[in-house]
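Participant: This is the structure I have questions about; it appears just below.
The values are calculated or read from the model by the stated rules, or taken from the named source; none is laboratory data. The model shown is predicted, which means the values in this text are computed figures rather than measured ones. Because the Cβ atoms are built from the backbone with ideal geometry, glycine has one as well, and the counts that use them run over all protein chains shown.
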Amino acid sequence: MLSPNDQKLEKRDPFYRSLVAKQKTSAEIISEARNALRTVGTQRPFTPQEDQRKLFGPASSRTPENRPPSCFSLHASNFESSDSRPISSARLSPLELKPKAPASPTTEGDPGLSFPKPPVDPVKMRRISSARARLFRAASQGALLPDRTLPPAERKKTVESKDTVKMGDSPVKINGIYLTEPKAVGHLKSHPLQLTYDGGFREIKEQEMFEGATSLPSHLRSGGDQGKRRPRASSCPNSSDLSRLGARAGSKADLQEKDTEMEVDDVFWNTRIVPILHKLEKAEDTELLCAACTQLHRTLEEENMLGKKFRRRSHLLKTLYKLVDVGSDPLSLKLAKLILALKVSRKNLLNVCKLIFKISRSEKNDSLIQSDSILESLLEVLRSEDLQTNTEALLYCMGTIKFISGNPGFRNEMISKGAVEILMNLIEQINENANKCGTCLPNSGHLLVQMTATLRNLVDSPLARSKLLSIGALAQLCRVMGQYMSDKDVCTNIARIFSKLTPYRDCCIALANYSRCYALFLNLINKYQKKQDLVVRIVFILGNLTAKNNQAREQFFKEKESIPTLLSLFRAFYELDLHPERPSGDGDEQPTPQTPQAQVEDVLIKLTRVLANLAIHPGIGPALATDPQVVGLLLATLVKIQVNDDCEELVINTTATINNLSYYQVKNSVIQEQKLHVAESNPVLVKLLVSKNMDGVLEAVRVFGNLSQDHDVCDFIVRRNVHKFMIALLDATHQDMCFSACGVLLNLTVDKDKHAILKEGGGVKKLVDCLRDFGPTDWQLACLVCKTLWNFSENTTNASSCFGDEDTSTLLVLLSSFLDTDEELALDGSFDQDLKNYHKLHWETEFKPVAQQLLNRIQSHHTFLEPLPIPSF
């Protein structure tokens, strides 16, 4: 147990104090290393990288017939020619009220004659109409806005027929009017190749354009006599008449403005787009096709014609769909980017997402995807498209993003473009919909697999971890895991996310703030007990949560069936480890016999770590020490396993857990009642002492330190020559190793019959050397050395005969020096202030009293005190 001084020194920061990881001081590091109870570390479960890019990897729980395909054929014929909504075959119910015929237009205030409001700026409308009139007059004469900057010979262009126009001496066959200077019309720019508007322009007289502003429309005049007006009650129009007339004029002006926009759109199509389409039709080289697609995309973007507002969009999409059959990945990416920019929907959106997905399945195309900046288009699909309507399209879009997120070159770009926020927003929508409807959306589980796998790749970045914490993503992921508990793939991916996050203190805090996480993890263990890839990560997460804080340990321990659930899992994989070749049982009732031995041991490693961390809690530790099932499984594991390079971590973690449990001197403690049995029946403890793994050696020595408080165990240690290993370890340069070995020797020297063992192998001399070498920097170790020498010199009347002349002289000098020198001189001035205070306290409270008594004994050659108490480890 920790001494009162150690308890004062140990700084127990609240688990929920700060999100900023605090760097440990040197004093805290030493204090943790010397604590009687210690946490156990382990590595994160290994996830091998998949050989092939698929929506669902080989470890997926989905069968091929129950999941969307990753391989498919895609041709131009798969795209719909029209992107509009198909006509519904359902018949509409007839209206109950039949529409009334409009009343006579002569009635004042008749609502049937009400018109829209007049245009806001009639001057602007007049200017547009005048320009149109000049444009049409020029077109009717055979040339539209001739280019006066060209030489006279180049400007000679005559219309030979409706379908032919001469350019210099060469006629060019067209379908309408040859345009010579499009930059004079609106905002259009000039282009080296001039084409015609398909079908020609409709001629409108200038006076007709303004007819509505000065007189009634023709359909309001008398039926057969167009030249006469209908009689009116007054010769002057009243305010209602003027209002109707103005509204009618405004309505007609709006229609004329719309016609103008359509005709300007036609000019843009003929002068800017059609030449590029000609290039696409004639080009036979893939590079030329790619260049033409890039030019087309840039032109539409410059004129703000992307999206659905371009009138010729349907015709343009038909041309792009045909190019899909070319089969070139670079061309297909450019086509896909342009098609997405034109805002296709439904089946066409699904097909273009499939097209990109198909290309992204090959890692060699990652550079193409990056150079074409297709990522931004994919994120826009996730951001803007409706989840319920386009679930399958989003699935293949997410599949592409998942693939490229595995490439470190994409991660920073994805995170900077808001990928984390977009994905969490979609996950929240899916979860909310499931909560409202009580059922999950079709294919929502498939989509969640892709999104969580993408997040799993992104959380390797510190920026992604920061974003997840800032938006409370960990609690949301827990809720999704609870909602989709029956979907093993979703749960496994989220567990992988948490296993990457929880080694960080701030992420542990965020996850522990969701108080239901412990019950959630226990339910998952019970449901998927035989699924190694999932349970190993759940147990690893629990080990991280319980590693640093008693509150987390207590919360988990109080959950219903927490310890029985861990023991059930332990037993299942322990039995599998005993019989790795036995045949399988009934389906999932037995662990998969093909599971590699290393994976089975990995589960046991993580389980023993959780038990070791829980044992640190002063209320939980005694309960575990008195549980025969807990202790029995741990001891059986030590007996069964062999000390080798493959399972060293399992041996070390199991030994550390037994050490933590053996610390508690409580009634009904299984280890305390069976100390000798624990020491004798576990050859692993002795084998660890001679292993090459220093962590394993240290844990074995610490177990013997606690067990050696029993007289029978001390006899076993001497009988098996374990004490010789302890004396040899005094030469170790590792101070903690010397500290633990010295503790075992101290317990042995309590028995007077075993004093002579220190003379074997030069034990006394090595203790004196430890005091000289480590004393000024480790007063706790110096104190143990003095205690051991005190017990050894009991009933000795002559120090020289006890220690030897050389060692006695050395001890007199060292003890006098360490006790008589100035306090600051006894402490190494190279320490930082925090570590200096730590050593100062141990020098005053532990070393100084014992060293003074030992010095007095040596000087007086007389003994009068009882043996010093046995320390705990």
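Participant: Tally the residues that are buried (at least 21 other Cβ atoms within 10 Å of the Cβ) and within 15 Å of PHE79 (Cβ to Cβ), restricting the search to the stretch 324-349.
Facilitator: Going through the stretch 324-349 one residue at a time, the tally reaches 11.
Participant: So, in the stretch 765-795, of the ones that are among the basic types (Lys, Arg) and under 14 Å from ALA851 (Cβ atoms), which residue ends up surrounded by the fewest Cβ atoms within 10 Å (Cβ to Cβ)?
Facilitator: The selected residue is ARG772.
Participant: Cβ-Cβ below 8 Å, separation at least six or inter-chain, first residue in the stretch 607-619 and in a loop (DSSP other than H, G, I, E, B), second of a type in the set (A, V, I, L, M): which pairs?
Facilitator: That search, which allows pairs on different chains as well, returns ALA615/LEU37; ALA615/LEU624; ALA615/ALA625; ALA615/LEU661; ILE616/LEU37.
Participant: Something else now. Out of the stretch 294-341, which residues are of a type in the set (A, V, I, L, M, F, W, C) and farther than 20 Å from ASP266 by Cα?
Facilitator: LEU323, VAL324, VAL326, LEU331, LEU333, LEU335, ALA336, LEU338, ILE339, LEU340, ALA341
Participant: Go through (1) under 22 Å from the mean Cα position of the chain (by Cα); (2) aliphatic (A, V, I, L, M); (3) closer than 18 Å to VAL480 by Cβ and name the single condition VAL535 misses.
Facilitator: (3)
Participant: Among the residues of the stretch 732-743, is there at least one that is in the same structural domain as LEU767 (by TED's automatic domain parsing), among the polar types (S, T, N, Q), at pLDDT 85 or above and under 27 Å from ALA623 (Cα atoms)?
Facilitator: Yes - at least one qualifying residue is present in the stretch 732-743.
Participant: Something else about it: With respect to ILE671, determine if the residue is touching a Phe, Trp or Tyr at 6+ places or on another chain (Cβ under 7 Å), surrounded by 20 or more Cβ atoms within 10 Å (Cβ to Cβ) and more than 21 Å from GLU649 (Cβ to Cβ).
Facilitator: Spelling it out, it is not the case that ILE671 is touching a Phe, Trp or Tyr at 6+ places or on another chain (Cβ under 7 Å), surrounded by 20 or more Cβ atoms within 10 Å (Cβ to Cβ) and more than 21 Å from GLU649 (Cβ to Cβ).
Participant: Then there is this: Give SER314, SER367, SER377 a once-over and let me know the one that is in a helix (DSSP H, G or I), touching a Leu at 6+ places or on another chain (Cβ under 6 Å), surrounded by fewer than 23 Cβ atoms within 10 Å (Cβ to Cβ) and small (Gly, Ala, Ser).
Facilitator: SER377
Participant: Right, something else. Say whether the condition of being in a loop (DSSP other than H, G, I, E, B) and either of a type in the set (A, V, I, L, M, F, W, C) or touching a strand residue (DSSP E or B) at 6+ places or on another chain (Cβ under 8 Å) (or both) is met by at least one residue in the stretch 546-567.
Facilitator: If we filter the stretch 546-567 for residues that are in a loop (DSSP other than H, G, I, E, B), which is where we start, we get 546-549, 559-561.
Checking the rest, the ones that are also either of a type in the set (A, V, I, L, M, F, W, C) or touching a strand residue (DSSP E or B) at 6+ places or on another chain (Cβ under 8 Å) (or both) come to 547.
There is at least one residue in the stretch 546-567 that is in a loop (DSSP other than H, G, I, E, B) and either of a type in the set (A, V, I, L, M, F, W, C) or touching a strand residue (DSSP E or B) at 6+ places or on another chain (Cβ under 8 Å) (or both).
Participant: I need the helices (runs of 4 or more DSSP H) fully contained in the stretch 624-698, keeping only those with at least 2 residues that are within 23 Å of ALA547 (Cα to Cα) and in contact (Cβ under 8 Å) with a residue 40 or more places away in the chain.
Facilitator: Here the list reads 628-640, 648-662.
Participant: Among the candidates LEU614, LEU576, LEU607, which residue alone is crowded, with 22+ Cβ neighbours inside 10 Å and modelled with pLDDT under 90?
Facilitator: Every option except LEU576 fails the conditions.
Participant: Let me ask something additional. Mind listing whichever residues of the stretch 297-340 are of a type in the set (Asp, Glu) and under 23 Å from ILE369 (Cβ atoms)?
Facilitator: Correct list: GLU301, ASP325, ASP329.
Condition check ((1) over 18 Å from the mean Cα position of the chain (by Cα); (2) over 19 Å from LEU55 (Cβ atoms); (3) among the small types (Gly, Ala, Ser)) across all residues:
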position	(1), (2), (3)
ASN390	yes, no, no
ALA393	yes, no, yes
SER416	no, yes, yes
ILE427	no, no, no
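Participant: Looking at ALA741, ALA728, ALA732 in this structure, which one is among the aliphatic types (A, V, I, L, M) and assigned to a loop (DSSP other than H, G, I, E, B)?
Facilitator: Testing whether each residue is among the aliphatic types (A, V, I, L, M) and assigned to a loop (DSSP other than H, G, I, E, B) leaves just ALA732.
Participant: Can you confirm whether GLU806 is farther than 11 Å from ILE858 by Cβ, of a type in the set (D, E, K, R), at pLDDT 75 or above and in a helix (DSSP H, G or I)?
Facilitator: Yes: the conditions hold for GLU806.
Participant: Grab the helices (runs of 4 or more DSSP H) fully contained in the stretch 395-507, keeping just those with 2 or more residues being closer than 22 Å to TYR528 by Cβ.
Facilitator: Working: elements: 408-416, 419-437, 444-458, 462-470, 473-483, 488-501.
Qualifying helices (runs of 4 or more DSSP H): 419-437, 444-458, 473-483, 488-501.
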